[in-house]
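Throughout, read-outs are computed from the coordinates displayed, never taken from laboratory work. Keep in mind that what you see is a predicted model, and the values were worked out from it rather than measured. Because the Cβ atoms are built from the backbone with ideal geometry, glycine has one as well, and the counts that use them run over all protein chains shown.
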Amino acid sequence: MSKSGTFCTISTRVQNRIEVKGSRFLALAWPVSTEAEAKSHWDGLSKKFSDATHICYAYRIGTGSEETSRTFDAGEPNFTAGKPILNAITSQELTNTLVAVVRWFGGTKLGKANLAKAYRMAAEGALRQADKIEKFITQKIVLQFEPDKFNLVQSLLQKYKAELLSKSFNTNCRIVALVPQTNLSTLKERLKEITAGKVVWE
């Protein structure tokens, strides 16, 4: 279980194969940060597995009020594929995770209950193989300050585990960063101190 202010996801792509009454299932799981990233993974599957009968998927991204999830049954009976795959993700308390399951029909109908069980088993098997990592829930910040304070600000961002996304210098220095939500309040106070109040938040 993740601590407050963090979430768990998988560290890298994994896969798992099972066979049920002649039908073959291949589960593929990826860590993802956005819906666009998830789409980039599943978009290529129909071409790669052009002989498959169904390619179903589910993903869960974000946490709390910003959580997004989606399921896709790909022609299987409603709630027998995408939903069981999503249940496999949530049961392991994961987010920022996509799982696609490719099925090749083996000639024997499984029935709705067994079909849902097969999709969940395939997905769970893949996720069990994955290394789990804990990440901070972050918030993007944009701020400006006097250029001669850059080194101090950069050191402070590192201390509070912020990720610097971009920086630019003109009359002021402008930076964009991702900051762990649990550190944001303290970071704001410290930035105000080291810049003598001359920091502008956009």
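Could you give the size of the charge dipole of the chain about its Cα centre, using +1 on the Cβ of each K and R and -1 on the Cβ of each D and E, expressed in debye and rounded to the nearest 20? Display every interim value, and only then the final one.
On the way: 29 positive and 19 negative charges, 81 e Å.
Taking the Cα centre of the chain as origin, the dipole is about 400 debye.
Compute the relative contact order of the chain as a whole-number percentage, counting only Cα pairs closer than 8 Å that sit 6 or more residues apart in sequence. Intermediate values should be presented prior to the final figure.
Details: 401 pairs, mean separation 48.3, N = 202.
Computed value for the chain: 24 percent relative contact order.
Treat each spin label as a single point 7 Å out from the Cα along the C-beta direction, and report the GLN92 to SER185 distance in nm.
3.4 nm
Relative to the longest principal Cα axis of the chain, at what angle does helix 150-159 sit, 0 to 90 degrees, rounded to 10?
40 degrees
Just going by the charge dipole of the chain, with Lys and Arg at +1 and Asp and Glu at -1 on Cβ, which of SER166, THR195, GLY22 is farthest out on the positive end?
Ranked along the dipole, the leading option is GLY22.
What translational diffusion coefficient, in µm²/s and rounded to a whole number, does the Stokes-Einstein relation yield for segment 6-134 at 10 °C and a viscosity of 1.306 mPa s, taking the hydrodynamic radius as the Kirkwood radius over Cα pairs?
On the way: Rh = 14.3 Å.
Here the translational diffusion coefficient equals 111 µm²/s.
Return the aspartates and glutamates within reach of LYS161: Cα separation strictly under 20 angstrom, same-chain partners fewer than 8 residues apart disregarded; answer none if there are no such residues.
Correct list for LYS161: GLU134, GLU189, GLU193.
Could you pull out every one of the aspartates and glutamates with an alpha carbon less than 19 Å from that of LYS48, ignoring same-chain neighbours closer than 8 positions?
Within the straight-line cut-off, LYS48 pairs with GLU37, ASP73.
Expected output is a single nm value to one decimal: the length gained when fully extending between ASN78 and THR53, i.e. 0.36 nm times separation in residues minus the C-alpha distance. What is it?
Values: separation 25, 0.36 × 25 = 9.00 nm, distance 1.58 nm.
Stretched out fully, the ASN78 to THR53 stretch lengthens by 7.4 nm.
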